[in-house]
Protein chains: 4
Amino acid sequence: MIVVIRRDATPDQTQAVVDKIKAMGYGVNVSKGEERTIVGVIGVHDNKDVLAAQLSGLPFVERVVPISKSYKLVAREGGHADGVVRLRNGVEIGGIAVHVIAGPCTVEGRAMLLETAKHVKACGATLLRGGAYKPSTSPYSFQGMGKDGLEILAEARDVTGLPVITEVMDPRDVPTVERFADVLQIGARNMQNFNLLKEVSKARLPVMLKRGLSATIEEWLLAAEYIYAGGNHNVILCERGIRTFEPATRNTLDLNAVPLVKELTHLPVIVDPSHGTGRWNLVTPMARAGLAAGADGLMIEVHPNPSEALKDGFESLTFDRFASLMAAIRPIAEAVGRRMAAAEAAV
Amino acid sequence: MIVVIRRDATPDQTQAVVDKIKAMGYGVNVSKGEERTIVGVIGVHDNKDVLAAQLSGLPFVERVVPISKSYKLVAREGGHADGVVRLRNGVEIGGIAVHVIAGPCTVEGRAMLLETAKHVKACGATLLRGGAYKPSTSPYSFQGMGKDGLEILAEARDVTGLPVITEVMDPRDVPTVERFADVLQIGARNMQNFNLLKEVSKARLPVMLKRGLSATIEEWLLAAEYIYAGGNHNVILCERGIRTFEPATRNTLDLNAVPLVKELTHLPVIVDPSHGTGRWNLVTPMARAGLAAGADGLMIEVHPNPSEALKDGFESLTFDRFASLMAAIRPIAEAVGRRMAAAEAAV
Amino acid sequence: MIVVIRRDATPDQTQAVVDKIKAMGYGVNVSKGEERTIVGVIGVHDNKDVLAAQLSGLPFVERVVPISKSYKLVAREGGHADGVVRLRNGVEIGGIAVHVIAGPCTVEGRAMLLETAKHVKACGATLLRGGAYKPSTSPYSFQGMGKDGLEILAEARDVTGLPVITEVMDPRDVPTVERFADVLQIGARNMQNFNLLKEVSKARLPVMLKRGLSATIEEWLLAAEYIYAGGNHNVILCERGIRTFEPATRNTLDLNAVPLVKELTHLPVIVDPSHGTGRWNLVTPMARAGLAAGADGLMIEVHPNPSEALKDGFESLTFDRFASLMAAIRPIAEAVGRRMAAAEAAV
Amino acid sequence: MIVVIRRDATPDQTQAVVDKIKAMGYGVNVSKGEERTIVGVIGVHDNKDVLAAQLSGLPFVERVVPISKSYKLVAREGGHADGVVRLRNGVEIGGIAVHVIAGPCTVEGRAMLLETAKHVKACGATLLRGGAYKPSTSPYSFQGMGKDGLEILAEARDVTGLPVITEVMDPRDVPTVERFADVLQIGARNMQNFNLLKEVSKARLPVMLKRGLSATIEEWLLAAEYIYAGGNHNVILCERGIRTFEPATRNTLDLNAVPLVKELTHLPVIVDPSHGTGRWNLVTPMARAGLAAGADGLMIEVHPNPSEALKDGFESLTFDRFASLMAAIRPIAEAVGRRMAAAEAAV
């Protein structure tokens, strides 16, 4: 951590800052430049942001510049190779095979889910998605089928062999969702619901952590660190678009984040072009772009009849369009030296 | 709700869309312009966003334009006058008197809280703030004193007579926090933690709902609607800055939101210039600006020794600076036809 | 254009709005919904944004919703197929062949430019980039070599046969730049420098229009419309990243824009991952992603010695890394049914 | 400037970076922390951003942290008191008196401008605004009356004694605008039109520089530095709202910028709540808030008949509403220890 001393500080005032930092138990390295003096603070381990705030409040401190990253366990720099998250049916996310997670935004009923699950499996998807607990901006909108939805998802897994991923929104629901699902999803709006993160950090199942609508990459990785530090090392990241000034798409899919996160961490990364664009006709090109940027998989909304979907109909693919997407992404996966994971899904 | 038909749709294709909408049970009004046909959908009450998504997915629909607001109970247009939220000690927020909520970001111990409470009361604050459960971006940072902190807050209330506001982050903690606090605070990161909103909608205490870091005003009011619709009509809004591209301040305090929200709803609005700027030396001018824009009160971080604060030291005011702030805002309150609420706090 | 009448307007007040719109010479279609009356305005051709502002100011008007797009000539909906922009040496941008525009951010001297031009040509680039007039955030930074730089660029074209693209910042410089360059570049900071747009709309050369840092897609297409409407139909768009809250990358490359702009217009689209990320190690994955999303070409910064570059050294590729990029993107181009344009560049 | 060395660099690799920096002619101060080594670079004067980019490109450099601000002449830290800009009729901006600049967005004709000028003067405005050259997002919208508009403005000054401020968009127009106006306005879209900045830096008239839609405060001050460094020391800043994700207001007026810019520079600051909100009914509260935050003046759009305005009708005040605004802001000016400048305008 570096403390920049104000230009108008006298030598005595500067020394007072140095003495204060030493009194807090840290080492210092003072560098007098032509315009300013800067003080390197040595031996900072935990509570970096607290220390930064404290030092910022000292007299004659212009600002404090943190140097080290504040996440550790998920950081690549520990020498980690690419991490692989293994699901209980043996599916591995983060290896050379690329996975497609597909299904409806929301479980609306048994028939539609089973029909969708069979179709996406036939097209090559290797995980099934579907929301049982749904975050809704309006209190008057459909909030999901709850436990009934979980049971339908479990049945679809039994029928198709596809492992199931579904969102958990409430720390009280974690045990229930664990009984039915194979991967716990933390949605974008809950990325900084820290008590929920702590709860899933104690779960047995892998967790897919979606990036918050306005979360910086550092905040996202710190949220992953919560799960990792709590004891759950099976964390998958999911880029799903950020909020910007652009009104033409629902979100701005930040694909820069994919290679950057691969550089900064050892965690696998999934891209969700359905939420990331909010428009079905952009899903296939952005799915291709996501794989080309280096993603380990994709998350795609598929619905038997999007115009009757109870949520997010405009971004869902029909069955035919999903089949076309699967055909369109295979050559991209191969062009980046990966392969589609379909074969492994045969259980 | 208005459906814009694509320019290249034939009359039959347009009619098919109209028939579909009618079959869903809605009335229609078709308007053929020179460039496009638009269809007004009549009789939409609930689930507006779902319907919009469904209609967007129909063939030959270019886009769907929602017309009515999706919040109702908190909307001003029902003819509501300015709402007033009354706390259990009789303090009223939203009337002609302007309130200052002051205290440390975090309860760090008994002595510092009592000292701060006495000071802010002496300066004219009418509510005491202090965090017992703290959202921390990093898992390695201080997470708050929990129930011990709540007990200290309650003691400070007993000593000073100031009602206490504190954050609740977890639906499981609502009953406990209710036992000790006078107002429940929902923090910015939990503005769309819908299960938490539902839980506090059943609480007996008023709720102060902070705006999310990247929440639109409509989303903020819909979050308030969750609380209102669940049965708790004592909702106070708090503007605390939004996330923008500007790095010089921690957040961008959006004061446009104050008069706009006063126009759109009947709920009282508080401004938090401490989080809204992240820099103590901007707090007083922005506190003045907040009142000038029409806020019903302010929320200010005060700490006996900001450079030793465990959180957010850089934005906290010292005791002296808080006294100066209180002196600086009084003429502004009077200039906009309000008065400082200090006298009422004498219990 | 649709006018939404306020809920509290009486029938007479609504009629007054209708009469006013009729008096302005437009047709109307009135639709009385259960909550609100909306008025469709028929026969609006030009000055849509002015009319919208005027109508918004009428009493009892809640808001005005524009329906038609305000750009026309560059819009796809006129039935246009994909447009192709042909340079004077016969190179075509927007066809099946994918182009790579490469070179240094800034022309720093004759030797470095010629060396770079030869290298990028050898690797398969088909256009040469290089700045002679440079927009610099600070007045104390290098502002480019000006006309001397243009002469060096022209020499590099003579030596390599690569057509040259370079930025013009000032309407007074357009004739000079036209004498030396093959494509005029309008930089992000000048996307809404309307007098400059008008000037290049009269130029003989094609124009590549970079998206502004915070320009919506609609504003970008309207800027292209300025050039098109002024008589220059050879317009190429370039997505180069937008400004968001994320500090880890210099800009957020908005690849959603690529398929969206291909849908909305007939203009070719180039992606610039060098400026779009600001980090050399993200350039290759994002170049791949750009092509996978459907771009017609890429713009890449290459420098013989990035750590000595006078501008933007951190995002430039070394010669070796550029060679690797060219190898890495070829399979992506083929995976999306395109081919690299290298062969055509042999002059 | 500080160079952070990567954790995995060997001592030899670190030494190589240090040697390279020394070879560039700078002093160094090496600080070995427990996690990382950081190198302070001493003696950096100009071209800081170029040097930062160069150093970032060195092997084993993790990142470069600039320490000093890159603007100098406009910086407060040189010991400057508050600056005052004096117009040729003696009006002073930046002193204790607060100014209101008022008038229509656009000069639409002689009668409307004279009528407006007389009204705003009668209400206490001390400068007249009005656009003769107008930036229009669409090529099909009104582009202003040009030189005819300037002549009308000059006539209004002769009649009322109010100095005139008007926008210049093109370096070629500066001499013409100088002949008619008293203050040159640089609009938000031209804040980084560097050739225009250089041109007005040589003008005799004061310049009001609006903040760009997505300009950071540092970029804004660097744009001011362009004008100052070119020889024109009469620069006034104008905050007019930034672009954020919020759709409910046209821009987000960033009042944090007001006290921050007063701290960082010695230049006067004006607030424009008309453009900053885009809604006439928010103009008065935000005008009050702007003065309360410490602005030296306000810029307000006034139109005799907003619903017939050729531009920005929705944000313009009627004559009556402007009179009310003037009454509403006076007590705020006094509450912050200022006074309204009206008396001085009597010429």
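Scanning the range A:131-166 for residues that are basic (Lys, Arg) and not in a loop (DSSP other than H, G, I, E, B) yields A:147, A:157. Restricting A:103, A:83 to those that are touching a residue at least 24 places away in the same chain (Cβ under 8 Å) and over 22 Å from residue A:147 (Cα atoms) reduces the list to A:83.
Looking at the range B:59-95, which of the residues that are on the phi > 0 side of the Ramachandran plot and more than 14 Å from chain C (Cβ to nearest Cβ) is modelled with the lowest pLDDT? Ranking the qualifying residues of the range B:59-95, first place goes to B:90. Condition first: hydrophobic (A, V, I, L, M, F, W, C) and under 17 Å from residue A:158 (Cβ atoms). Now tell me which residues in the range A:96-111 satisfy that. Within the range A:96-111, A:107, A:111 meet the criteria.
Criterion applied to D:300, D:329 was being in a strand (DSSP E or B) and within 17 Å of residue D:119 (Cβ to Cβ), and the one residue passing it is D:300.
Across the range B:96-125, the qualifying residues are those that are closer than 29 Å to residue A:190 by Cβ and part of a strand (DSSP E or B), and the one among them that is nearest to the chain's Cα centre (by Cα) is B:101.
Within the range B:126-139, is there a residue that is over 23 Å from residue A:138 (Cα atoms) and more than 21 Å from the chain's Cα centre (by Cα)?
Among the residues of the range B:126-139, at least one is over 23 Å from residue A:138 (Cα atoms) and more than 21 Å from the chain's Cα centre (by Cα), which makes the answer yes.
Here residue B:207 clears all of (1) in contact with a Lys or Arg (Cβ under 8 Å, 6 or more places away or on another chain); (2) within 22 Å of residue B:260 (Cβ to Cβ) except the condition numbered (1). Just one of the numbered conditions (1) small (Gly, Ala, Ser); (2) closer than 22 Å to residue C:280 by Cβ; (3) touching a residue at least 24 places away in the same chain (Cβ under 8 Å) is not true of residue D:117: (2). Among the residues examined, residue B:35 qualifies as farther than 27 Å from residue B:224 by Cα, at pLDDT below 80 and at the interface with another protein chain (Cβ under 8 Å from one of its Cβ atoms). Might you check whether a residue that is on the phi < 0 side of the Ramachandran plot, assigned by TED's automatic domain parsing to the domain that holds residue A:134, more than 24 Å from the chain's Cα centre (by Cα) and in contact (Cβ under 8 Å) with a residue 24 or more places away in the chain occurs anywhere in the range A:280-302? Checked the range A:280-302: no residue is on the phi < 0 side of the Ramachandran plot, assigned by TED's automatic domain parsing to the domain that holds residue A:134, more than 24 Å from the chain's Cα centre (by Cα) and in contact (Cβ under 8 Å) with a residue 24 or more places away in the chain.
Per the conditions (1) closer than 30 Å to residue B:83 by Cα; (2) touching a Lys or Arg at 6+ places or on another chain (Cβ under 8 Å); (3) in a helix (DSSP H, G or I); (4) more than 10 Å from chain D (Cβ to nearest Cβ), the sole criterion not satisfied by residue B:314 is (1).
Kindly indicate whether residue D:181 is within 13 Å of another protein chain (Cβ to nearest Cβ) and crowded, with 20+ Cβ neighbours inside 10 Å.
It is false that residue D:181 is within 13 Å of another protein chain (Cβ to nearest Cβ) and crowded, with 20+ Cβ neighbours inside 10 Å.
Selection over the range C:161-178 of residues that are within 14 Å of another protein chain (Cβ to nearest Cβ) and in contact with a strand residue (DSSP E or B) (Cβ under 9 Å, 6 or more places away or on another chain) gives a count of 5. Quick check on residue C:128: is it modelled with pLDDT of 95 or more and in a loop (DSSP other than H, G, I, E, B)? For residue C:128, the condition - modelled with pLDDT of 95 or more and in a loop (DSSP other than H, G, I, E, B) - is not met. Answer yes or no as to whether residue A:211 is under 9 Å from the mean Cα position of the chain (by Cα) and farther than 20 Å from residue B:142 by Cβ. Yes; evaluated as a whole, the condition is true for this residue. The single condition among (1) farther than 30 Å from residue A:162 by Cα; (2) surrounded by fewer than 22 Cβ atoms within 10 Å (Cβ to Cβ); (3) touching a residue at least 60 places away in the same chain (Cβ under 8 Å) that residue A:62 does not meet is (3). Scanning the range C:132-162 for residues that are in contact (Cβ under 8 Å) with a residue 60 or more places away in the chain and crowded, with 24+ Cβ neighbours inside 10 Å gives a single hit, C:162. Of the set (1) in contact with a Ser or Thr (Cβ under 9 Å, 6 or more places away or on another chain); (2) outside any loop (DSSP other than H, G, I, E, B); (3) surrounded by fewer than 24 Cβ atoms within 10 Å (Cβ to Cβ), all apply to residue B:286 but (3).
The values are calculated or read from the model by the stated rules, or taken from the named source; none is laboratory data. Predicted model only: the values in this text are computed from it and were never measured. Methodologically, a virtual Cβ is constructed for each residue, glycine included, from the backbone with ideal geometry; neighbour enumeration extends over all protein chains shown.
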